[in-house]
């Protein structure tokens, strides 16, 4: 998200600086992820334990660098704010970055973009957890609620990608200034090239537990039902960091790719994209990318959060292994249906989810927040305007500083 949004904001004449954690930088072959930023600082991130989170709940916001989880990031942000005429600070992330609010507090307007609600994520995981996992899921949900009741207070806007996330945060903290802005996607020029034999594709970052659970369910429960009718059907599990339990799914009909430089070449092989997520929150870019490629999508309802898709027009839905397999078999057996669903999904993305339209919405929010902050200063006897210049932000993994919209 950061790269594409920065590209669009830069094209509009905005100047951006970046202060980022270096733990999740992109693979070297993915190009120049920071090419749209004027200056870039990459700092190490101190990892935190469950005990760290529990102790922090006693006082959620630190007041100085030494009290934060990452003092070097606090100092870098505070120094940047002192040295530059930023108009706005854009925090990208949630628990990783909220604590730096007080490094900027009262100096500049702020926007924080958690993208999705941790509470919603863990509530959904609790709903499907069983056995020994249920107690851990319950504790994670309680901790997430404890943080999200507080950590977005004081920011000019809180931006999430879906209505479900907005509703969850509004329920936790009444009056929170939450905006919904979806993620975007670049629409590929070329269409997919369906292959034989029938090919199911799922894409995910497998450090995200819901993706691991979905991949296992797809390989062990859904694919065999498809193969009972179409024995030649195969499955591609694409994405970085598959754990052992995902790698062990590989066999003659299941390929586990690991990290790939671009998912487009795999999506273009797909007879259909299958997203059997049973938990999670936010918008799922994997589905957005498949739709953009014109690939027909079979998915659970959770997989479609924030995408405004119409069942049977843009996507085929299922909630059980049997129903998802049946929908896959419909697409395999009815090429015209597959083409119609795929093209409708692509046109839906073209109309609603281009990065250009997403950036327009961010610019509108930035301008409103800067104006509101200026009015607040004037009301308190402070300066009523902000100089045109840079904006700074802290993010997951980065602290981004967009020099506010002109």
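The values are calculated or read from the model by the stated rules, or taken from the named source; none is laboratory data. The structure displayed is predicted, hence computed values, not measured ones. Positions of Cβ are backbone-derived with ideal geometry, glycine not excepted, and every protein chain shown enters the neighbour counts.
Observations
- Considering (1) free of Cβ contacts under 8 Å to residues at least 60 places away in the same chain; (2) over 26 Å from residue 128 (Cα atoms); (3) surrounded by 15 or more Cβ atoms within 10 Å (Cβ to Cβ), the lone condition that residue 150 does not fulfil carries the number (1).
- Test: residue in the stretch 338-346 that is surrounded by fewer than 21 Cβ atoms within 10 Å (Cβ to Cβ), within 25 Å of the chain's Cα centre (by Cα) and part of a helix (DSSP H, G or I): yes
- Taken over the stretch 192-231, the criterion of being surrounded by fewer than 15 Cβ atoms within 10 Å (Cβ to Cβ) and over 28 Å from residue 133 (Cβ atoms) is satisfied by 193, 195, 196, 197, 228, 229, 231.
- Residues (surrounded by fewer than 23 Cβ atoms within 10 Å (Cβ to Cβ) and either part of a loop (DSSP other than H, G, I, E, B) or under 27 Å from the mean Cα position of the chain (by Cα) (or both)) located in the stretch 82-97: 84, 85, 93, 94, 95
- Applying the set (1) touching a residue at least 24 places away in the same chain (Cβ under 8 Å); (2) buried (at least 20 other Cβ atoms within 10 Å of the Cβ); (3) not in a loop (DSSP other than H, G, I, E, B) to residue 145 leaves exactly one unmet item: (2).
- Candidate set from the stretch 104-125 (those that are over 13 Å from residue 168 (Cβ atoms) and without any contact (Cβ under 8 Å) to a residue 40 or more places away in the chain); member that is surrounded by the most Cβ atoms within 10 Å (Cβ to Cβ): 107
- Test: residue in the stretch 290-298 that is outside the structural domain of residue 161 (by TED's automatic domain parsing), out of contact with any helix residue (DSSP H, G or I) (no Cβ under 6 Å at 6 or more places or on another chain), touching a residue at least 12 places away in the same chain (Cβ under 8 Å) and not in a strand (DSSP E or B): no
- Note on the stretch 73-98: residues that are out of contact with any helix residue (DSSP H, G or I) (no Cβ under 6 Å at 6 or more places or on another chain) and free of Cβ contacts under 8 Å to residues at least 40 places away in the same chain amount to 3.
- Extreme residue, farthest from the chain's Cα centre (by Cα), among residues of the stretch 299-318 that are part of a loop (DSSP other than H, G, I, E, B) and under 22 Å from residue 238 (Cα atoms): 318
- Test: residue in the stretch 257-265 that is more than 27 Å from the chain's Cα centre (by Cα), buried (at least 18 other Cβ atoms within 10 Å of the Cβ) and part of a loop (DSSP other than H, G, I, E, B): no
- Residues that are at pLDDT below 90 and closer than 18 Å to residue 1 by Cα within the stretch 33-50 comprise 33, 34, 35, listed in sequence order.
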